[in-house]
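Step one of this worksheet: look at the structure below.
The values are calculated or read from the model by the stated rules, or taken from the named source; none is laboratory data. This is a predicted model, so every value here is computed, not measured. Here the Cβ positions follow ideal geometry from the backbone for every residue, glycine too, while neighbour counts run over all protein chains shown. For the accessible areas, the whole protein counts, side chains as well, though only heavy atoms, and no ligand, DNA or RNA atoms are used. Shrake-Rupley method; radii C 1.70, N 1.55, O 1.52, S 1.80 Å.
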Amino acid sequence: MSTAIEVRRPGPASWLTLIRCEAKMVIRDTAGLVIPIGLPMLILVMSASTAGDEVVANGRTVLDVHVLPLVFTVVMATVGIVNMPSFLAYYRRSGILRRLSVTPASPAMVLVAQAVVSVLQAVIGIGAALAVAVLVFDANLPVRPVTALGLVLLAMAALYAVGMVVAAVAPTPNSAVAIGLIVFFAFGALGGLFGGRGGLPDPLARVGELLPFGATVEVLSAAWAGAAIDPVHLMGLTATIVLGGVVSAVFFRWD
């Protein structure tokens with residue numbers, strides 16, 4: 001007489017344990033922990049002294065409208081496009097995802113846990129930059145704070161969708177970092193990371209503001225200044241989420 005084996009799905013305690021383990025992995029990666037916070041902070045400190053006096057709109061200065069959106073975008077992009085894919089590529093390369101696929105704990109749990117930890121890391125980076133900007137350089141909060149928060153979440157989803165594509169196509173952790181850096185700097189160059197899009201040819205500048213890096217800078221700038229948000233930028237971020245999700249789902253492999 002055979003005995004049925006009851007398989008139980010992991011509960012909340014298992015999810016919390018996995019998230020804690022992912023957080024420890026991120027903390028041990030010194031470069032991956034410091035760069036997403038240190039690089040944006042460096043950009044902020046170097047730009048704040050000359051950008052805090054000129055008012056742009058609604059009492060918001062160049063620091064508020066242009067520097068802070070760029071700093072926040074750098075935080076989200078480095079975490080989503082460079083850091084997260086390297087961890088997922090490592091897990092696939094080491095066989096962790098394949099082993100989880102034959103247990104009640106789905107390998108998708110690792111993806112969710114890594115996404116949660118990455119979001120927390122981005123929140124810490126953005127929070128630290130905003131605190132320094134407000135307390136040290138007298139920066140202002142956005143004219144439309146709720147809108148700004150919603151746009152940060154939308155932008156984060158778009159940039160992480162790009163990161164999932166990188167994780168899907170990168171065969172090794174090192175290649176994930178290399179591809180992620182190339183994508184980050186390419187999107188950044190077209191999106192204003194190296195001094196704005198004004199010096200770019202018009203076709204490249206137009207493409208840059210549609211890509212997730214440039215679109216994020218644009219929508220956050222509008223929210224900070226209280227200006228109307230261009231629907232084209234919202235469509236660019238939404239299209240990135242949809243296309244990134246489809247492409248990563250098609251090409252992502254567990255082993």
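If we scan segment 146-154, do we find a residue that is of a type outside the set (Gly, Ala, Ser), modelled with pLDDT of 80 or more, within 22 Å of Met25 (Cα to Cα) and in contact with a Leu (Cβ under 7 Å, 6 or more places away or on another chain)?
No, that holds for no residue.
When only residues in segment 37-83 that are buried (at least 22 other Cβ atoms within 10 Å of the Cβ) and of a type in the set (D, E, K, R) count, which is farthest from the chain's Cα centre (by Cα)?
From segment 37-83, those buried (at least 22 other Cβ atoms within 10 Å of the Cβ) are 40, 44, 60-61, 63-83; that's our starting set.
With the extra rule that they be of a type in the set (D, E, K, R), the set shrinks to 60, 64.
On the way: Arg60: 25, Asp64: 20 Å.
The residue in question is Arg60.
Considering Val143, Val117, Val56, which residue is on the phi < 0 side of the Ramachandran plot, at pLDDT 80 or above and assigned to a helix (DSSP H, G or I)?
Working: Val143 fails: assigned to a helix (DSSP H, G or I); Val56 fails: assigned to a helix (DSSP H, G or I).
Just one listed residue meets the conditions, Val117.
In segment 177-193, which residue that is touching a residue at least 60 places away in the same chain (Cβ under 8 Å) and open to solvent by 50 Å² or more (accessible area, probe 1.4 Å) is nearest to Met76 (Cα to Cα)?
Leu181
With the requirement that a residue be open to solvent by less than 20 Å² (accessible area, probe 1.4 Å) and under 30 Å from Arg93 (Cα atoms), what does segment 194-212 give you?
Pro212 - this is the single residue of segment 194-212 that is open to solvent by less than 20 Å² (accessible area, probe 1.4 Å) and under 30 Å from Arg93 (Cα atoms).
Which of the residues belonging to segment 153-172 are under 13 Å from the mean Cα position of the chain (by Cα) and surrounded by fewer than 22 Cβ atoms within 10 Å (Cβ to Cβ)?
Leu153, Leu154, Ala157
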